[in-house]
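*Asks:* Attaching a single structure in structure tokens format; questions to follow.
The values are calculated or read from the model by the stated rules, or taken from the named source; none is laboratory data. Since we're looking at a predicted model, the values are computed, not measured. Glycine also receives a Cβ, built like all others from the backbone with ideal geometry; neighbour counts cover every protein chain displayed. Only protein heavy atoms, including side chains, enter the accessible area calculation; ligands, DNA and RNA are left aside. Shrake-Rupley method; radii C 1.70, N 1.55, O 1.52, S 1.80 Å.
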Amino acid sequence: MPRRLHSQPIDSQHATLVNQATEPFSPAELPNTGHLIILSGPSGAGKSTVVRELLGNCPLPIELSVSATTRKQRVGEVEGRDYHFVTHEQFDRMRQAGEFLECKEVFGRGDWYGTPVAQTEQGLKTGHWMLLEIDVQGALSVMEKRPEVVSFFVHPGSLEELAIRLRRRGTDDEQAIQRRLEVAAEELQALKHYKHEVINHQVKLTAAEICNILHQYC
Ligand code: 5GP
């Protein structure tokens, strides 16, 4: 797994130029336009815990975008907070109506996930920093449509470390772990498209690092 210094924009010149890209709305209409943020990386890298820490402790007005999904609700998950749980039919209707900024079938198991464009745009209009915690394929779609997006690739440092964490988590059998590791190896190829790479050794430090980087975009 390639390593890069923490907190370094992958291409700082590019990052600066991108950051000056035209906003989707005119400043006269929308004086408080927020920022779009993506956080993605291999499953098992600890993204969700980092997101919780970021929402709880970063003083910026970050709002988590709530995705729609066709996957089953897990114990402890709350409709409208964790996801909008919808049927395949509802998801298809939303997709056809252009209600998603992006949508993907994640892990190829028939479960679809999509970022509702309305919540994102509303949040941006009201000056929020809209955080999308989405998979790499979804992230690449958003980067194409919205090149100004501040993107973070969060990973555990190596595939060996990822395997240790997935086994420790205990939610998958060995076959599923192997599949996740294969997907992670593929996802690493996309690392170069992200503006920031963050290695998640310690959740609090990782969230603080992301928060510091975000302050550069204020
Ligand atoms: P889980 O089912 O464990 O909650 O999430 C599985 C994967 O789907 C995670 O990698 C998560 O980042 C991704 N994901 C969640 N919401 C979206 C979304 O709206 N779009 C895409 N492309 N991926 C998503």
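*Asks:* Kindly evaluate Thr115 against the criterion of being surrounded by 18 or more Cβ atoms within 10 Å (Cβ to Cβ) and in contact with an Asp or Glu (Cβ under 7 Å, 6 or more places away or on another chain).
*Replies:* yes
*Asks:* Being open to solvent by less than 50 Å² (accessible area, probe 1.4 Å), modelled with pLDDT under 95 and either part of a strand (DSSP E or B) or within 25 Å of Ile164 (Cβ to Cβ) (or both): is that true of Ser43 here?
*Replies:* yes
*Asks:* Got a sec? Which of Glu174, Glu182, Glu161 is surrounded by 12 or more Cβ atoms within 10 Å (Cβ to Cβ) and out of contact with any strand residue (DSSP E or B) (no Cβ under 6 Å at 6 or more places or on another chain)?
*Replies:* Answer to the selection: Glu161.
*Asks:* Would you be able to say whether some residue in region 145-155 is acidic (Asp, Glu), surrounded by fewer than 22 Cβ atoms within 10 Å (Cβ to Cβ), out of contact with any strand residue (DSSP E or B) (no Cβ under 8 Å at 6 or more places or on another chain) and over 23 Å from Gln202 (Cβ atoms)?
*Replies:* Within region 145-155 (the criterion being acidic (Asp, Glu), surrounded by fewer than 22 Cβ atoms within 10 Å (Cβ to Cβ), out of contact with any strand residue (DSSP E or B) (no Cβ under 8 Å at 6 or more places or on another chain) and over 23 Å from Gln202 (Cβ atoms)), the answer is no, since none of the residues qualifies.
*Asks:* Among the residues of region 122-141, write down those that are part of a helix (DSSP H, G or I) and either within 15 Å of Lys195 (Cα to Cα) or away from the ligand (no atom under 15 Å from the Cβ) (or both). Steps first, please.
*Replies:* Quick first cut of region 122-141, residues part of a helix (DSSP H, G or I) only: 122-125, 136-141.
Within region 122-141, Gln122, Leu124, Lys125, Val136, Ala139, Leu140, Ser141 meet the criteria.
*Asks:* Now a separate question. Go through region 78-102 and give me each residue that's of a type in the set (D, E, K, R) and open to solvent by 70 Å² or more (accessible area, probe 1.4 Å). Let's see the steps before the verdict.
*Replies:* First pass over region 78-102, keeping only residues of a type in the set (D, E, K, R): 79, 81-82, 89, 92-93, 95, 99, 102.
Result: Glu79, Arg81, Glu89, Asp92, Arg93, Arg95, Glu99.
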